[in-house]
Amino acid sequence: MSHFDSNLFLTTFTILLLSALLAIDHSKIVSLLSIIYTNKDSYSNYDDKKVIPIVGAVGPESLAFDPHGGGPYTGVSDGRIIKWLENERQWIDFAVTSTQRNHISVIVSGDRTGRLMKYHPQSKETTVLLQNLTFPNGVSLSKDGDFILVADTTNCRILKLWLETSSKSRMVEVFDWLPGFPDNIKRNHRGEFWVGIHAKRGKFLKWVLSFPLVGQALIKLPFDITKVYSYFARWGGNGLAVRLSGNGDVLEALEDESRNGWKAVSEVEERDGNLWIGSIRTPFVGVQRNSR
């Protein structure tokens, strides 16, 4: 087989693989709530939801408010951190970081170099709490400060590390298994946890991840696999997030059943009776009135 034929075969295989990654399995979803947005190009405010568009970029991945309630602040695909001004109804530039978001190659390669670290701002010391993780992602401290959660994204699970304040200090447990790849974790005022789910993991992808050599071959192809995945993901998948109890039980799931609005939900921030919803793929932030 010539070099050209080999690349053609690998490219075709990659397209088929990425199509399979977007397959949806609804069997494990409970308590569905539709999140449907039809006008994403302008600020839209409805009785129970609103859309806040972002001009010139996509991917408001994570959301944060300052101590005075200002914001939210969010990072987008072009490397900027932007701040929302509610009264002016516009975003302003706050800071600039990095445009690097090669998450797909990390997942399919089976990389296990991830770590969970603790930084002490006074002593400026950094301590490694966990290592050899596969794509560690969202992190959240419990309400009582006795344990910390970290998203083990590749393995579709949330890990629980007991801290020094607990009798189970430094023990690691599986907090919950999820039907897809978890992203950020945000704790609400009741001590529950919202987890954004990037995409569901079908049987085919589970098989691919069982053979690291397949993933390692994919990342050596002569193009950016993350960009290819993002292109095909426009036509597949739907938004999904879950609310977990302090014991890891699924209390609620949010899903865009229309598949016209949300893709790759990265975070849900519960604040003042609203759910602020981020995504690495959409050009807007969504706000939905909490149904409870």
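Read the figures in this text as sums done on the coordinates, not as results from a lab. Treat the numbers as computed from the prediction; the structure is a model and nothing was measured. So basically every Cβ, Gly included, is an ideal-geometry build from the backbone, and we count neighbours across all protein chains shown.
List of remarks:
- Additional length obtainable on full extension of the chain from residue 48 to residue 102, 0.36 nm per residue less Cα span: 16.0 nm
- Applying 1/(1 + (r/R0)^6) with R0 = 30 Å to the Cβ-Cβ distance of residue 224 and residue 128 gives a FRET efficiency near 0.50.
- Amide H contacts for residue 274 (H built 1.01 Å from N in the peptide plane; partners 5 or more residues away or on another chain; cut-off under 5 Å): 290.
- Backbone geometry of segment 61-66 corresponds, through the Karplus equation with coefficients 6.51, -1.76 and 1.60 at θ = phi - 60°, to 3J(HN,Hα) couplings of 5, 10, 10, 8, 10, 7 Hz, x marking Gly and Pro.
- If the segment from residue 214 to residue 81 were pulled out straight at 0.36 nm per residue, it would be longer than the present Cα-Cα gap by 44.3 nm.
- For peptides 118-130, 269-281, 73-85, sequence by mean Cβ density within 10 Å, most packed first: 269-281, 73-85, 118-130
- Spin-label pair residue 89/residue 118, simplified geometry with 7 Å Cα→Cβ offset, distance in nm: 4.6
- Segment 55-168 shape via C-alpha gyration tensor axes, a/c threshold 1.5: oblate
- Out-of-range pairs (alpha-carbon distance over 19 Å; input 143/200; 50/83; 83/124; 124/168): 143/200; 83/124; 124/168
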